[in-house]
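These notes concern the structure reproduced below.
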Amino acid sequence: MNLELTDEQVALREAAQGALTRVADLEVLRSALEGGARPENWDLVAEQGWAGLLVSEANGGVGLSLFDAQLILIEAGKVLASHELLGHLPATVALDAASYAGTADYAEGTKRAAFLPVIPPSDLEPSWTTQPRGGSAPAPAPTLNADGTVSGDVAWVIDAPGADLLAGVAVDGSGAAKTVAIETGASGVSVEGPVLRYDSSRLLGHVSLTNAPATVLEGADPQRAWYVAQALLAAESYGAVETALTVSVEYAKERFTFGRQIGSYQAVKHALVEILRQRENAYAVLLYSGYSYEDKPEEFAVAASAARTAAGHAFDYAARTQIATHGGIGATWEHDAPLYFRRSQLSRRLLGGIGASTDRVAGELLAAAAA
Amino acid sequence: MDLNDTPEQAQFRAQVRAWLEEHKSEAPGRERLDNDDAINARRRWQGKLAEGGLAGVTWPKEFGGQGLGPIEQVIVNQEIGAAGVPGILDVIGLGMMGPALIAHGTDEQKSRYLGPLLHGDEVWCQLFSEPAAGSDLAAVQTRAVQQDDGTWKLSGQKVWTTYAQFASFGMLLARTDADVPKHKGLTMFVVPMDAEGITVRGLRQISGEAEFNEVFFDDVTLDADAVVGSVGGGWGTALTVLMFERLTIGLGGESFGYNADRFTQAIAQDAHATKDPDVRQRLGEINTELLALRFQSYRVLSALSQGAIPGPEAGLAKVTTVKGAIDAGELIADVLGPDALAEDSEWAYMISFLPGLKSAGGTEEILRNTIGERVLGLPPEPRLDKGVPFSELRSIEKQGAAA
Ligand SMILES: Cc1cc2nc3c(=O)[nH]c(=O)nc-3n(C[C@H](O)[C@H](O)[C@H](O)COP(=O)(O)OP(=O)(O)OC[C@H]3O[C@@H](n4cnc5c(N)ncnc54)[C@H](O)[C@@H]3O)c2cc1C
C-alpha cells in the first residue's frame, strides 16, 4: 500500500502552483463582479499541457490519472484561479473513449470542450435528467432524434460560452443514453452567456439545442464523465479549504483580544480544528475517487459522489468559519474571505448540487446492500 | 497510488486466510463478555491466534510477535473480520500495554509479562483515570511511597477501568513526589490485580452492563521491580501508552463494527426508508464520513509503513468515528422505531455505548485542544498549574473558584 504522492506528482503539483500563482489575481475577480472582464487563463492551461491530462497518448494527450488532474484542480482551488478545466476535462474523457476525430486538438488545447451536465438515473429517478434553470423539479435530458441530431436545453453548463464542442448524454427514442459530441459552430446550437452568477471566476452558460448535428461517441461510458466532473469539482473545493484554513490559522495567531491571541480561545480553536477534520476527510475520499477511477470502476460513482459531498461541506464550513474568524473585516468587500465564500456558495449548487451527490452516496450503497 | 497487496503481502494474506479456514471452527461466538465462560473461551482463542501468528503481528519476534508492519496487522484484522470470528480479547494489553513495556520495561519485566499477555493467559488493564484526574491525567492523586526495604506502598482510587474485573495486571500511574510540578512527580507501576488490599467494584454503564470498574488500593505492597521506566519518569511512559492508544483507536474504527456497510444494511431492510429523501441525506452524510475514515486509515498505514510515527491528528479519526456512529445510531433508531431501543438490540447497545466513547481515550474537547495546538500551532490557553508544586495546586484551584 502506498498513498504518498510520487515524485512526478510532487513535480506536477509544484509546477501547477507556480503557474497558477502567476495568473491568480483576486483583485481582478472583485472587479469582474462589478462588470470588469473575467480573467481568461485558457492559454496557460494549454501551455501547461493540462488540456490533455485525461486523454490517452494514442489520441494526442498525456494520459495521466484522474488523481493527477485532481492535484492540479486542488492548486487552482487554493488561489481561486479561473480555468476552464471543469467543463473541458470531463468532456475529453468522453472524446478519448470514442477516439473522436478531432480529439488531438482538444488534448493540445487549440480547441476547448465543455461537458453537458446531464444527470445519470438513480434508484429513485429512472430517467436521465438535467438541473432546471430555476426551482427544484428535474428538467428532461436532451433527446437524440432519429435523424442523429440532438434537441433540448441544458442549464448551468460550466465553461460552455466560447467552447468549440459540447459533450454529454442525449437519450434516444428507445430510452437509451448515448454520449454525443456537438460542435458549437453548427446550426441549432445556441449558448446563452457568459452568465455571471455570484462567483466571477466561474464561466457559466445555458445551452439550447434545436436539431443540432451530433456525433455519437461510441465506446464512451455515459456515466463516467458525470462522476469525473464531480470528482474534479471536489478537488477544486478541497484546495480552497486548504487556503481558508491556513489564512484563518495565521490570523488567529496574530489577532489579540482581552490580552490573548484569539487562537487560544477554544471557540476559535475548535472551529479551526473542525475545518482540519473536514479537510482531512475530504482528502481521504478524494484519494478514494482517484483510486477507484483506475482500479475499482464499480465503486467510482459512490467514491466521486462522496468526494463531492465531503469537499463541498468542508468548503461551506471553511468559507463561513474563515469569515467568522476574521470578525468584521472578514465580512468586508476588500477582504479575500468573501471571494472564497462566493465560490463555495455557487459551487455547492452546480453539477446537480451537494444534496444530490449525498443522495447518490446513499442510493449506491443501498443498492449494493440489496444486491 | 496503490492499495493492492505486494506479492509478499498477498502471500501473507493467503497464509492468514488458510490458517483461519483451518481453525475457525474452534472459534467462540461473538457474544458479550459478561460471564467467565465467555471470557475464558475468548482467552483460549487469543492463545490460538497467537500460536498461529495472528496476534502480536507488529511485536518483535524476540517477544513472541511476528516482527511485521502495521499493514500486515491490518491484513490480519481484515481476514479475521471476513472469517466472521472474534479477534483478540485483550486489545488494551496487546495494543497499548505490551508496546509500552517493550519500550520502557526492564528485560525481566519483558520476559515475565509479554508472553502470557500475548497468549491471553493474563489480561491487562489501564489504571490511569481517577475521580479527579481524567482529562487532566497528570493530576492523579493515588500515592506510592517507597519503604525502607525498597518496596512501595500504594493507596488511592482509580475509576472507569475497563476489564479490571478479569485483568491479571494493570499499568498504574501514581504520584511518588507531590513537592514538584505535577508532571514530574509521577511513576508508572505494574500492579498484580490479585494483590492484597485491591478491591475491584463493577461500575454499570448506560447499557446497564458493567464493563468498567472502580478500583481501590488500600496499602497495597508493590515490589521494587514493579516500576516501569524510571521513578519520576511516569509521565513519559504514560505518553507512550497514549500514543499507542491513539493508534489503536485511529486504525480500529471499523473493527468496532462502525462501518458504512453494516449501517446501510440496517436501513436497507426498511423499503419505505430507502426512498425517504431525508433518511437518504442522513445516510449519505454518515457514509461519506465513514468512507473517509476508511481511506484515512489507509493513509495512516501508508505513512507508518514509510516510517512515520502516529501524530496527534490521529485523534481526528476518533472524533469522526464517534460522530459517524452516533449519527448512524440516531438514524437507524428513527427508522426502526422504539424496537431499536429494546435492551437486547444491537442498536440499543451501540447507542448506549457511544456517549461514553466520546470521553474514553480523550474527550472530544481535549482532542481538539491538542490538535489545535500541536498540529495547527495555535496558542495554548493560559493555565494556572504550570511550574507549581502539586502539593500547592489545591489552594490555587480554591482561589480560582472563589474569584
Ligand atoms: C467507556 C469508557 C472506558 C474507559 N476506560 C478507561 C480505562 O480503561 N482506563 C482509564 O484509565 N480510563 C478509562 N476511561 C476514562 C477516560 O479516559 C476519562 O473519562 C476521560 O479521560 C475524561 O476524563 P473525566 O471523565 O475525568 O472527565 P473530565 O476531565 O472531568 O471532563 C469533563 C468535561 O470537561 C471537559 N474538559 C475538561 N478539561 C477541558 C479543557 N481543558 N478544555 C475543554 N474542555 C475540557 C471535557 O471535555 C468533558 O466534557 C474510560 C472512560 C469511558 C467512558
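The values are calculated or read from the model by the stated rules, or taken from the named source; none is laboratory data. From a predicted model like this one, the values you see are computed outputs, not experimental measurements. No Cβ is skipped: glycine too gets one built from the backbone with ideal geometry, and neighbour counts run over all protein chains shown. Note: areas computed on protein heavy atoms with side chains; ligands, DNA, RNA excluded. Shrake-Rupley method; radii C 1.70, N 1.55, O 1.52, S 1.80 Å.
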From the option list B:Gln296, B:Gln281, single residue qualifying as open to solvent by 30 Å² or more (accessible area, probe 1.4 Å) and either farther than 17 Å from B:Val335 by Cβ or within 14 Å of another protein chain (Cβ to nearest Cβ) (or both) is B:Gln281
Given (1) within 14 Å of another protein chain (Cβ to nearest Cβ); (2) assigned to a loop (DSSP other than H, G, I, E, B), B:Gln9 misses just (2)
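Which ranges mark the helices (runs of 4 or more DSSP H) fully within the stretch B:29-136 that have 3 or more residues being under 30 Å from B:Val231 (Cα atoms)?
Values: elements: B:36-51, B:70-83, B:98-104, B:107-118.
In the stretch B:29-136, B:98-104, B:107-118 are the helices (runs of 4 or more DSSP H) which contain 3 or more residues that are under 30 Å from B:Val231 (Cα atoms).
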All-but-one check, B:Asp90 against (1) away from the ligand (no atom under 16 Å from the Cβ); (2) in contact with a helix residue (DSSP H, G or I) (Cβ under 9 Å, 6 or more places away or on another chain), failing number (1)
Picked from the stretch B:113-136 (must be hydrophobic (A, V, I, L, M, F, W, C), touching a Ser or Thr at 6+ places or on another chain (Cβ under 9 Å) and closer than 20 Å to B:Asn40 by Cβ), the residue nearest to the ligand (Cβ to nearest atom) is B:Cys125
Those residues of the stretch A:341-367 that are more than 7 Å from chain B (Cβ to nearest Cβ), aliphatic (A, V, I, L, M) and over 10 Å from A:Asp199 (Cβ atoms) come to a total of 4
Scanning the stretch A:353-367 for residues that are within 21 Å of A:Ala318 (Cβ to Cβ) and free of Cβ contacts under 8 Å to residues at least 60 places away in the same chain, the one most open to solvent (accessible area, probe 1.4 Å) turns out to be A:Gly355
With the first residue restricted to the stretch B:123-142 and required to be within 14 Å of chain A (Cβ to nearest Cβ), and the second required to be within 6 Å of the ligand (Cβ to nearest atom), Cβ contacts under 7 Å at 6 or more apart or on different chains are B:Ser135/B:Thr363; B:Ser135/B:Ile366
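Would you confirm, using the coordinates I've provided, whether B:Asp261 is at pLDDT 95 or above and either within 16 Å of A:Asp359 (Cβ to Cβ) or at the interface with chain A (Cβ under 9 Å from one of its Cβ atoms) (or both)?
Values: at pLDDT 95 or above: no; either within 16 Å of A:Asp359 (Cβ to Cβ) or at the interface with chain A (Cβ under 9 Å from one of its Cβ atoms) (or both): yes.
No.
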When B:Val159 is run through (1) within 9 Å of the ligand (Cβ to nearest atom); (2) outside any strand (DSSP E or B), the failure sits at (2)
query = Just a yes or no: is a residue in the stretch A:99-108 within 20 Å of the chain's Cα centre (by Cα) and either farther than 23 Å from A:Tyr198 by Cα or in the same structural domain as A:Pro140 (by TED's automatic domain parsing) (or both)?
reply = yes
Looking at this structure, is A:Thr325 touching a Phe, Trp or Tyr at 6+ places or on another chain (Cβ under 7 Å) and more than 9 Å from chain B (Cβ to nearest Cβ)?
yes
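Could you please find all residues in the stretch B:186-241 being in a loop (DSSP other than H, G, I, E, B) and closer than 30 Å to B:Met350 by Cα?
In the first step, residues of the stretch B:186-241 are kept if they are in a loop (DSSP other than H, G, I, E, B); the result is B:193-197, B:204-211, B:223, B:229-233.
Those that are in a loop (DSSP other than H, G, I, E, B) and closer than 30 Å to B:Met350 by Cα: B:Met193, B:Arg204, B:Gln205, B:Ile206, B:Ser207, B:Gly208, B:Glu209, B:Ala210, B:Glu211.
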For the stretch A:26-35 the number of residues that are closer than 13 Å to A:Arg202 by Cα and outside any helix (DSSP H, G or I) is 0
If you go through A:Gly109, A:Gly87, the only one that is in contact with a His (Cβ under 9 Å, 6 or more places away or on another chain) and at pLDDT 95 or above is A:Gly109
The residue that is farthest from B:Leu378 (Cα to Cα), considering only those in the stretch A:269-281 that are among the hydrophobic types (A, V, I, L, M, F, W, C) and at the interface with chain B (Cβ under 7 Å from one of its Cβ atoms), is A:Leu276
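Considering each of B:Ala103, B:Ala139, B:Ala164 in turn, give the residue that is under 20 Å from B:His183 (Cβ atoms) and within 16 Å of the ligand (Cβ to nearest atom). Spell out the reasoning first.
Values: B:Ala103 fails: within 16 Å of the ligand (Cβ to nearest atom); B:Ala164 fails: under 20 Å from B:His183 (Cβ atoms).
On inspection, the qualifying residue turns out to be B:Ala139.
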Before we move on, is A:Ala15 surrounded by fewer than 18 Cβ atoms within 10 Å (Cβ to Cβ) and modelled with pLDDT of 95 or more? yes
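Out of the residues in the stretch A:120-146 that are assigned to a strand (DSSP E or B) and open to solvent by 30 Å² or more (accessible area, probe 1.4 Å), which is nearest to A:Ala356 (Cα to Cα)?
The initial filter retains those residues of the stretch A:120-146 that are assigned to a strand (DSSP E or B), namely A:129-130, A:139-140, A:143-144.
Subset that is open to solvent by 30 Å² or more (accessible area, probe 1.4 Å): A:140, A:143.
Numbers: A:Pro140: 16, A:Thr143: 23 Å.
The selected residue is A:Pro140.
Is it true that A:Gln261 is at pLDDT 95 or above and more than 19 Å from the chain's Cα centre (by Cα)?
On the way: at pLDDT 95 or above: yes; more than 19 Å from the chain's Cα centre (by Cα): yes.
Taking the combined requirement at face value, the residue satisfies it.
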Within the stretch B:307-347, residues being open to solvent by 10 Å² or more (accessible area, probe 1.4 Å), more than 14 Å from chain A (Cβ to nearest Cβ), touching a residue at least 60 places away in the same chain (Cβ under 8 Å) and aliphatic (A, V, I, L, M) number 2
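Within the stretch A:206-226, work out how many residues are assigned to a strand (DSSP E or B) and surrounded by fewer than 24 Cβ atoms within 10 Å (Cβ to Cβ).
Step one: list which residues in the stretch A:206-226 are assigned to a strand (DSSP E or B), which gives A:206-213, A:215-216.
From the residues that got through so far, the ones that are surrounded by fewer than 24 Cβ atoms within 10 Å (Cβ to Cβ) too are A:206, A:208, A:210-211, A:213, A:215-216.
The number of residues fulfilling the criteria is 7.
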The residue from A:Val154, A:Val191, A:Val180, A:Val169 that alone is outside any loop (DSSP other than H, G, I, E, B) and either open to solvent by 20 Å² or more (accessible area, probe 1.4 Å) or among the small types (Gly, Ala, Ser) (or both) is A:Val191
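Keeping to the stretch A:283-313, report how many residues are small (Gly, Ala, Ser) and more than 7 Å from chain B (Cβ to nearest Cβ).
Our first condition is that a residue be small (Gly, Ala, Ser); within the stretch A:283-313, this holds for A:284, A:289-290, A:292, A:301, A:303-307, A:310-312.
Of the ones still in play, those that are also more than 7 Å from chain B (Cβ to nearest Cβ) are A:289, A:292, A:301, A:303-305, A:307, A:311-312.
Number satisfying all stated conditions: 9.
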